[in-house]
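The next block holds one structure in the form of structure tokens; read it before the comments.
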Amino acid sequence: MSEKAFSGSILRVFEARAKPGYADSLAKKFATTSVDVVRNQPGNQGHFFGRSDLNAVKARFGDDWKSSFLPPGYSELIEECSVKHFALRTDWHSGE
């Protein structure tokens, strides 16, 4: 696809696996140094840092974790919605 033909948003995902015993240190570094890489840059709509934990998702949403959850007041505004969960692969590289 040519760059000129693309008119949607881009989600840039960086995934890293911390060395054993360094998960908390890495999370702290992301929250400081990495934020400075994207903060106030043109086109940046925000950032977040998370840890993959399907058990946490299931604990929050229970047996309906595969269904969309709409807080009160949203159903009047939304025609259709869905929720998707992605388990990102870490063994694939784009070569770029």
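The values are calculated or read from the model by the stated rules, or taken from the named source; none is laboratory data. This one's a predicted model, so the numbers in the text were calculated from it and none came from an experiment. We place every Cβ from the backbone using ideal geometry, glycine too, and count neighbours over all the protein chains shown. Note: accessible area is taken over every heavy atom of the protein model, side chains too, but ligands, DNA and RNA are not part of it. Shrake-Rupley method; radii C 1.70, N 1.55, O 1.52, S 1.80 Å.
Taken over the stretch 4-27, the criterion of being exposed (fewer than 10 other Cβ atoms within 10 Å of the Cβ), modelled with pLDDT of 75 or more and over 29 Å from residue 83 (Cα atoms) is satisfied by 19, 20, 21.
I'm checking my understanding of the structure. Among residues of the stretch 31-48 that are closer than 24 Å to residue 16 by Cβ and open to solvent by 100 Å² or more (accessible area, probe 1.4 Å), which one is nearest to the chain's Cα centre (by Cα)? So that I can check it myself, show each step before the final result.
As a first pass, look at the stretch 31-48 and keep what is closer than 24 Å to residue 16 by Cβ: 31-41, 43-48.
Now drop any that are not open to solvent by 100 Å² or more (accessible area, probe 1.4 Å), which leaves 37, 39-40, 45, 48.
On the way: 37: 17, 39: 16, 40: 19, 45: 13, 48: 7 Å.
Ranking the candidates gives 48 first.
Determine which member of the set 91, 63 is modelled with pLDDT under 70, open to solvent by 80 Å² or more (accessible area, probe 1.4 Å) and not hydrophobic (A, V, I, L, M, F, W, C). Talk me through it step by step, then tell me what you get.
Working: 63 fails: modelled with pLDDT under 70.
Selected residue: 91, the only one of 91, 63 that is modelled with pLDDT under 70, open to solvent by 80 Å² or more (accessible area, probe 1.4 Å) and not hydrophobic (A, V, I, L, M, F, W, C).
Remark: pairs (first residue in the stretch 1-26, farther than 17 Å from residue 38 by Cα; second residue at pLDDT 65 or above and aromatic (Phe, Trp, Tyr); Cβ separation under 8 Å; 6+ apart in sequence or on different chains) are absent.
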